[in-house]
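To keep things clear, I will list the structure first and then write my remarks on it.
The values are calculated or read from the model by the stated rules, or taken from the named source; none is laboratory data. What you see is a predicted model, and the numbers here were worked out from it, not measured in a lab. For neighbour counting, all protein chains shown are included, and Cβ atoms are generated from backbone atoms with ideal geometry for every residue, glycine included.
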Amino acid sequence: MVQLPWTEFDVFMFLTRSGMGRRITQLSAKEAFFAQGTLAQSIYYLHKGRVKLAVVSHGGKEATIALVSAADFFGEESLQDVDGRPTATATALTRCTSLQVRPRGDDSNSASGTCALRCIR
């Protein structure tokens, strides 16, 4: 059996570069990363900008539940939920650059998603 040399996992490199199961995305102000009740497919790590997480009640009232800044993760809650649907909408307040990680699907995506969830913890 061939023994590969041990290399440390570089969190900074993982969070700042595109790769298997992850890509850099840019959104303009007022664009949505994901919407409440839709199928969740990604975890996001915000590089630049501000994001609002808001919920809308059955009566139509909106409540802001969090403001996300650079170096924060968001979207991970819905991926851990049983039905995989976000309970909030994430909207860019300013122009945003983020890392989008898709942990569902083939094995490469699942590995990236696992790494992203470990970075969050």
Check: Of the residues that sit in the stretch 1-59 and are of a type in the set (A, V, I, L, M) and closer than 12 Å to Pro86 by Cα, which one is surrounded by the fewest Cβ atoms within 10 Å (Cβ to Cβ)?
Finding: Leu39
Margin query: Condition (residue is surrounded by 13 or more Cβ atoms within 10 Å (Cβ to Cβ), at pLDDT 85 or above and small (Gly, Ala, Ser)) applied to the stretch 100-109: is it met by at least one residue?
Written below: no
Check: Hey, does the stretch 3-21 have a residue that's more than 12 Å from Thr91 (Cβ to Cβ), assigned to a strand (DSSP E or B) and either of a type in the set (Phe, Trp, Tyr) or in contact with a strand residue (DSSP E or B) (Cβ under 6 Å, 6 or more places away or on another chain) (or both)?
Finding: no
Notebook entry, point to check: If the Cβ limit is 6 Å and pairs must be 6+ apart or interchain, which residue in the stretch 6-32 that is farther than 12 Å from Val101 by Cβ pairs with which residue that is at pLDDT below 90?
Noted result: Val11/Cys119
Check: For residues in the stretch 22-68 being among the polar types (S, T, N, Q) and outside any strand (DSSP E or B), which is farthest from Thr94 (Cα to Cα)?
Finding: Ser57
Check: Can Cys119 be described as crowded, with 17+ Cβ neighbours inside 10 Å and at pLDDT below 80?
Finding: no
Margin query: Tell me whether the stretch 74-95 contains one or more residues that are in a strand (DSSP E or B), buried (at least 16 other Cβ atoms within 10 Å of the Cβ) and among the small types (Gly, Ala, Ser).
Written below: yes
